[in-house]
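A.B. asks: Would you mind keeping the following structure in view while I ask a few things?
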Amino acid sequence: MPYTNKLKILNDPIYGFISIPSELIYDLIEHPYFQRLRRISQMGLSYLVYPGAHHTRFHHAIGAMHIMQRAIEVLRFKGVDISEEEETALLVAILLHDIGHGPFSHAMEHSIVESVNHEAISLLFMEELNNQFDGRLSLAIRVFKGEYHRKFMLQLISSQLDMDRMDYLKRDSFYTGVAEGNINSDRLIQMMNVVDDALVMEEKGIYSVEKFLMARRLMYWQAYLHKTSLVAELILMKALKRAKELVQSGRKLDCSGNLQYFMETKVTLEDFDKTILDRFSRLDDFDIVSALKNWQFDEDFTLSELSRMIVNRDLLRVKLGAEKFSKEDIQNYAKAFAAEKGISIEEAHFFVFKGKIKNQAYSKDAEPIRILKKDKTVEDVVQASDHLNLKALSKPVTKYYICFPKHLAEK
């Protein structure tokens, strides 16, 4: 077999040069399951609001792996014992933490593979890769599932201050240009330590933690829950839901074979064998965009109109408010639209609907972010902070929305 140099270096716009630390990591990155992430956008349809937001899950996974390397370095320097095997497990687990995301990330979970979330699919991919790599991912899977005895390792992968969040905030703020989301990940990582097997932040890093939580809150309102991104994603879910209804009533729609399969077949977690996993791994954003481009000319008014809205960025009007919108508002808009277009009230509800969004930068119910004080005691960041803001950040803020066709607003 010809010699290939697997210890490559990648150039990343956020961190500069990222080195691939081992042959196993290189082989995982090269695997078609992982390469697929190049074709899954990190922020769904947010590029309809922020034209630069075209970065992918691939970018993000590599970035999260890079800062995990930095975190391991810092913790070892501070005397935390992390074996080579544990280091590999942490890097593999963070690299693969998002591998189960479907096209346009969350839209698929609510419309095509309805009963299966991306975390469960990530685990299925990891288990299949473990078979292909002769069990070399076993420890990574135990860490990922929270079954390994060293609790801080899971916290590095999944907690309120993990490598996943640290990378996506920095990366998403860079690609959207939303400067408020930019965080100092170097400083945060430098302040990490482990006490009684739990991840802590040293007290002198408390302002960086506060800035991180504030950045998270602002990124949610300005980017992830931006009303235009929100309505675009909701329209995409409605389009996929309508397409699924038509396919299940016997209609043949113009789309890729793999997308057709998931629209015809109800897939539960128990059904996800290797054949279905391989089919899922062949689905990406391109299948969806290609389908929408075809469907905008479909004979079904609802499907064609919803598809056209996304392709041409001619979206529904969305109104946000602190109070719930009434059923009468919905009924009036739906009746008016049904009468105008000659469609049923049920079909009109694909274009007129309401819901709510919630933003909570810091959850008091989840595992807390712990601050290691100078006297060696450990305290929840909300108690340790002299900043009243943090109490406010741990209160969930709910906003209600209503969506309807723009021209109805003038009536």
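The values are calculated or read from the model by the stated rules, or taken from the named source; none is laboratory data. Because the structure is predicted, anything quoted here is derived from the model rather than measured. For neighbour counting, all protein chains shown are included, and Cβ atoms are generated from backbone atoms with ideal geometry for every residue, glycine included. These area figures cover heavy atoms from the full protein model, side chains too; ligands, DNA and RNA do not enter into them. Shrake-Rupley method; radii C 1.70, N 1.55, O 1.52, S 1.80 Å.
A.B. asks: Being at positive phi and either open to solvent by less than 20 Å² (accessible area, probe 1.4 Å) or not charged (D, E, K, R) (or both) narrows it down to one of Gly181, Gly135, so name that one.
C.D. replies: Gly135
A.B. asks: From the list Ser41, Ser83, exactly one residue is buried (at least 18 other Cβ atoms within 10 Å of the Cβ) and more than 14 Å from Ile157 (Cβ to Cβ). Which is it?
C.D. replies: Ser41
A.B. asks: At pLDDT below 90 and of a type outside the set (D, E, K, R), is that true of Asn312?
C.D. replies: No.
A.B. asks: Please indicate, with yes or no, whether at least one residue in segment 1-13 is of a type in the set (A, V, I, L, M) and touching a residue at least 60 places away in the same chain (Cβ under 8 Å).
C.D. replies: Scanning segment 1-13 turns up no residue that is of a type in the set (A, V, I, L, M) and touching a residue at least 60 places away in the same chain (Cβ under 8 Å).
A.B. asks: Out of the residues in segment 375-389 that are in contact with a Leu (Cβ under 7 Å, 6 or more places away or on another chain) and either loosely packed, with under 12 Cβ neighbours inside 10 Å or touching a residue at least 40 places away in the same chain (Cβ under 8 Å) (or both), which is nearest to Leu230 (Cα to Cα)?
C.D. replies: Val381
A.B. asks: Taking the condition assigned to a helix (DSSP H, G or I) and more than 15 Å from the chain's Cα centre (by Cα), does Glu85 pass? Quick ask: steps written out before the conclusion?
C.D. replies: Details: assigned to a helix (DSSP H, G or I): yes; more than 15 Å from the chain's Cα centre (by Cα): yes.
Yes; evaluated as a whole, the condition is true for this residue.
A.B. asks: If a residue has to be touching a Phe, Trp or Tyr at 6+ places or on another chain (Cβ under 8 Å) and either closer than 30 Å to Ile189 by Cα or not charged (D, E, K, R) (or both) to count, how many in segment 232-257 make the cut?
C.D. replies: 6
A.B. asks: Tally up the residues in segment 180-219 that are polar (S, T, N, Q), touching a Leu at 6+ places or on another chain (Cβ under 9 Å) and over 17 Å from Ile157 (Cα atoms), please. Give the steps one after another, and end with the answer.
C.D. replies: Within segment 180-219, the first condition is being polar (S, T, N, Q), and the residues that meet it are 182, 184-185, 190, 193, 208.
When the remaining residues are screened for being touching a Leu at 6+ places or on another chain (Cβ under 9 Å), the result is 182, 185, 193, 208.
Those still in the list that are over 17 Å from Ile157 (Cα atoms) too: 182, 208.
Of the residues in that region, 2 qualify.
Residues are listed down the side, and each one gets a yes or a no for (1) within 21 Å of Lys8 (Cα to Cα); (2) modelled with pLDDT of 95 or more:
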{"residue": "Thr56", "(1), (2)": "yes, yes"}
{"residue": "Ile82", "(1), (2)": "no, yes"}
{"residue": "Ala107", "(1), (2)": "no, no"}
{"residue": "Phe152", "(1), (2)": "no, yes"}
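A.B. asks: Okay, next question. Going through segment 7-36 one residue at a time, which ones are of a type in the set (A, V, I, L, M, F, W, C) and under 16 Å from Ile94 (Cβ atoms)?
C.D. replies: Matches in segment 7-36: Leu10, Ile14, Ile18, Ile20, Leu24, Ile25, Leu28, Ile29, Phe34.
A.B. asks: Residues in segment 163-177 that are in contact with a helix residue (DSSP H, G or I) (Cβ under 6 Å, 6 or more places away or on another chain) and either closer than 30 Å to Lys374 by Cβ or at pLDDT below 95 (or both): how many?
C.D. replies: Count: 6.
A.B. asks: Continuing with this model, one more query. Can you list the helices (runs of 4 or more DSSP H) found entirely within segment 130-199 that contain at least 1 residues being in contact with a Gly (Cβ under 7 Å, 6 or more places away or on another chain) and over 20 Å from Phe34 (Cα atoms)?
C.D. replies: In segment 130-199, 151-157, 163-176, 185-190 are the helices (runs of 4 or more DSSP H) which contain 1 or more residues that are in contact with a Gly (Cβ under 7 Å, 6 or more places away or on another chain) and over 20 Å from Phe34 (Cα atoms).
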